[in-house]
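*Asks:* Take this structure first; my questions come after.
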Amino acid sequence: MARQRVHGPRPHAGAAAGIDRPLVRRIARSARRLRRGLSGREQGRLAGTRRGRTIRRRGQHRNRRTVLFRRRRAGDRVKRLLLAGGGHSHVFVLDALARAPLADVEVTLVSPFDRQVYSGMLPGWITGHYAIEQCVIPLAPLAQRANARFVQAHVARLDLAARVAYTEASEPLPFDVISIATGPVMNLDAIPGLREHAIALRPIESLIRAWPRLFAQLVALAEAGEDAGTVTVLGGGAGGVELAFAIAHRARIACVPARVQLVTGKPGLLPTLGEGVRRRIARLAPARGVRLIEDDAAEITRHTVLLADGGEIASDVTIAAIGAAAADWPREAGLAVDERGFIAVDDRLQSISHPFVFAAGDCASIVGHPRPKSGVYAVRAGPPLARNLMRHLAGKRPRRYRPQRVALYLISTGPQHAVASWDGLSTEGRWVWRWKDRIDRRFVARYAAHEPAPATSPAQG
Ligand SMILES: Cc1cc2nc3c(=O)[nH]c(=O)nc-3n(C[C@H](O)[C@H](O)[C@H](O)COP(=O)(O)OP(=O)(O)OC[C@H]3O[C@@H](n4cnc5c(N)ncnc54)[C@H](O)[C@@H]3O)c2cc1C
């Protein structure tokens, strides 16, 4: 019996319903005739025989297409989401888009480098704990997974009325919604001589390019039998501290004589962190070979740094880590900005002047919730930014987001040792470094390897 069913003549469509073959053919013929003259909905009503059900399925399918077509004609066309900058919040957004693609949304990512450097691991690269590949999130593959077009360029200008961003090469990037996570810039005119005689920490890629040459310069000085080379780091924030300690440690393990000095500025070491962590770093500095100078740099020359109090220190290599400044183009475009020029957003991460503009990370300031410019907050803004972009694109109201009040900072101090700071409390040790190492590696690996995003974003350390 079973063999017959497989190899014998196929039972006609209406057999199961007890309808004879000629009748089924007639129904099919009239159905075809009908279909030509019927709307999708009417076609969908055809039912009864197997053929009829097939027609109905096709009819429903056409019906859906018709509705889509009508919607698009009514102006509900494909929306364009432009992600400006591969910043920490945007890697989360891209990951979210890869996992849950948006229908009818074309996504473009524009960023000047094809990778996002995880700054928390940069000092570890300088000391030699990591290869650079371990510290970066490749952006092109992440964009590809998110079905986003990747444009490797800077956004240089915004036309908010026309909703077009322009790259430095004047390539237009039209959008319906733009999200900006371009981070901070460094004000190269903040100190006379900085532009000509110092290496700026931002963009971080420029330091990555410069570092091998700078280190070779120290080695050359040592080989020439000259006095130890002097490296001066300007800036007493987390970036400056970690950088100075990393350079001192690298020189020490490579047996390259070098003097490292950290000019913290008048506010001193780590001014936004607690007293405990400041004391620990100040105590560790001489042991690690870092000289602390609590003064402002007033001018930089080829071989010196002039201090605000009138002193002058020798410097063969000067690196500026002088903190976050705002890029000009958002303000020049007419976006509302805070008193320092950062994009002013509300607690939905929407520009307070242009609701189709979202911004997060160091380039933005949340009105009513001032927070330090730091990687911790940039990372944490990723999930609410992704959710709110999706809600906005779906025509729903974005939800409120309140950034955490305190954040964990894990500051590496050269060797595999770090200091932790949390709400005025602090601790230190090799175990803190291992903790930091674990969460840093995990963060990068997640986006680089497209594992599911973490439930809670790690603190950048
Ligand atoms: C050495 C070092 C150590 C640090 N340590 C810590 C720490 O321990 N803890 C901490 O919280 N913070 C730390 N920071 C600060 C932290 O790096 C920043 O706060 C963080 O990078 C800000 O993240 P973001 O995503 O806003 O911007 P970024 O990380 O700067 O990312 C911005 C992205 O936008 C791109 N971009 C820039 N301009 C444009 C443009 N015009 N158009 C398009 N794309 C653009 C960039 O290439 C980049 O991909 C450290 C910084 C440094 C340098």
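*Asks:* Where the second residue is charged (D, E, K, R) and assigned to a helix (DSSP H, G or I) and the first is in the same structural domain as Ala360 (by TED's automatic domain parsing) and lies in the stretch 379-398, which pairs have Cβ atoms under 6 Å and are six or more apart or on separate chains?
*Replies:* Pro398/Arg391
*Asks:* Among the listed residues Arg163, Arg195, Arg213, Arg202, identify the single one that is basic (Lys, Arg) and within 12 Å of the ligand (Cβ to nearest atom). Full working, then the answer.
*Replies:* On the way: Arg163 fails: within 12 Å of the ligand (Cβ to nearest atom); Arg195 fails: within 12 Å of the ligand (Cβ to nearest atom); Arg213 fails: within 12 Å of the ligand (Cβ to nearest atom).
Answer to the check: Arg202.
*Asks:* Counting residues that are open to solvent by less than 20 Å² (accessible area, probe 1.4 Å) and under 20 Å from Leu201 (Cα atoms), which helices (runs of 4 or more DSSP H) fully inside the stretch 73-173 reach at least 1? Reasoning before the result, please.
*Replies:* On the way: elements: 88-99, 122-127, 139-145.
Fully inside the stretch 73-173 and qualifying: 122-127.
*Asks:* Moving to a separate point now. Does the stretch 251-262 hold any residues that are away from the ligand (no atom under 16 Å from the Cβ) and of a type in the set (A, V, I, L, M, F, W, C), and which are they? If you could, list the steps in order and put the result at the bottom.
*Replies:* Here is the first cut: in the stretch 251-262, the residues away from the ligand (no atom under 16 Å from the Cβ) are 251-259, 261.
Ala251, Ile253, Ala254, Cys255, Val256, Ala258 - these are the residues of the stretch 251-262 that are away from the ligand (no atom under 16 Å from the Cβ) and of a type in the set (A, V, I, L, M, F, W, C).
*Asks:* Taking Asp296 as the residue in question, decide whether it is within 16 Å of the ligand (Cβ to nearest atom), closer than 28 Å to His197 by Cβ and open to solvent by 40 Å² or more (accessible area, probe 1.4 Å).
*Replies:* no
*Asks:* Specify the residue that is farthest from the ligand (Cβ to nearest atom); the eligible residues are those in the stretch 218-250 that are surrounded by fewer than 24 Cβ atoms within 10 Å (Cβ to Cβ) and farther than 25 Å from Gly311 by Cα.
*Replies:* Per the stated criteria, the residue is Gly225.
*Asks:* Being modelled with pLDDT of 95 or more and closer than 30 Å to Arg405 by Cβ is the requirement here; does Ala285 meet it? Working first, answer last.
*Replies:* Values: modelled with pLDDT of 95 or more: yes; closer than 30 Å to Arg405 by Cβ: yes.
Yes, satisfied.
*Asks:* Can you name the number of the only condition in (1) away from the ligand (no atom under 16 Å from the Cβ); (2) crowded, with 18+ Cβ neighbours inside 10 Å; (3) assigned to a loop (DSSP other than H, G, I, E, B) that Leu269 fails?
*Replies:* With respect to (1) away from the ligand (no atom under 16 Å from the Cβ); (2) crowded, with 18+ Cβ neighbours inside 10 Å; (3) assigned to a loop (DSSP other than H, G, I, E, B), Leu269 is out only on (1).
*Asks:* Output yes when any residue across the stretch 186-194 is part of a helix (DSSP H, G or I), open to solvent by less than 10 Å² (accessible area, probe 1.4 Å) and either in contact with a strand residue (DSSP E or B) (Cβ under 6 Å, 6 or more places away or on another chain) or more than 27 Å from Val376 (Cβ to Cβ) (or both), and no when none is. Explain how you work it out, then say what you get.
*Replies:* Let us first name the residues in the stretch 186-194 that are part of a helix (DSSP H, G or I), namely 194.
If we keep only those that are open to solvent by less than 10 Å² (accessible area, probe 1.4 Å) too, we end up with 194.
Restricting the remaining residues to those that are either in contact with a strand residue (DSSP E or B) (Cβ under 6 Å, 6 or more places away or on another chain) or more than 27 Å from Val376 (Cβ to Cβ) (or both) gives 194.
Yes, the stretch 186-194 contains a residue that is part of a helix (DSSP H, G or I), open to solvent by less than 10 Å² (accessible area, probe 1.4 Å) and either in contact with a strand residue (DSSP E or B) (Cβ under 6 Å, 6 or more places away or on another chain) or more than 27 Å from Val376 (Cβ to Cβ) (or both).
*Asks:* Looking at the stretch 242-269, which of its residues are in contact with a helix residue (DSSP H, G or I) (Cβ under 7 Å, 6 or more places away or on another chain) and in contact (Cβ under 8 Å) with a residue 40 or more places away in the chain?
*Replies:* Scanning the stretch 242-269 gives Glu242, Leu243, Phe245, Ala246, Ile247, Ala248, His249, Arg250, Val256, Ala258.
*Asks:* Additional query: Report yes if Ile55 is modelled with pLDDT under 95 and over 24 Å from Ala360 (Cα atoms), otherwise no. Reasoning before the result, please.
*Replies:* Numbers: modelled with pLDDT under 95: yes; over 24 Å from Ala360 (Cα atoms): yes.
For Ile55, the condition - modelled with pLDDT under 95 and over 24 Å from Ala360 (Cα atoms) - is met.
*Asks:* Kindly provide the set of residues from the stretch 384-415 that are of a type outside the set (S, T, N, Q), in contact with a Leu (Cβ under 8 Å, 6 or more places away or on another chain), away from the ligand (no atom under 16 Å from the Cβ) and not in a loop (DSSP other than H, G, I, E, B), ordered by number.
*Replies:* Residues satisfying the conditions are Met390, Leu393.
*Asks:* For Val376, all conditions in the list (1) in contact with a Lys or Arg (Cβ under 8 Å, 6 or more places away or on another chain); (2) under 24 Å from Leu97 (Cβ atoms); (3) at pLDDT below 95 hold save one; what is the number of the exception?
*Replies:* The failed condition is (1).
The values are calculated or read from the model by the stated rules, or taken from the named source; none is laboratory data. Everything quoted here is computed from the prediction, not taken from an experiment. Heads up, the Cβs are rebuilt from the backbone with ideal geometry, glycines too, and the neighbour counts pull from every protein chain shown. To get the accessible areas, we keep the full protein, side chains included, count just its heavy atoms, and leave off ligands, DNA and RNA. Shrake-Rupley method; radii C 1.70, N 1.55, O 1.52, S 1.80 Å.
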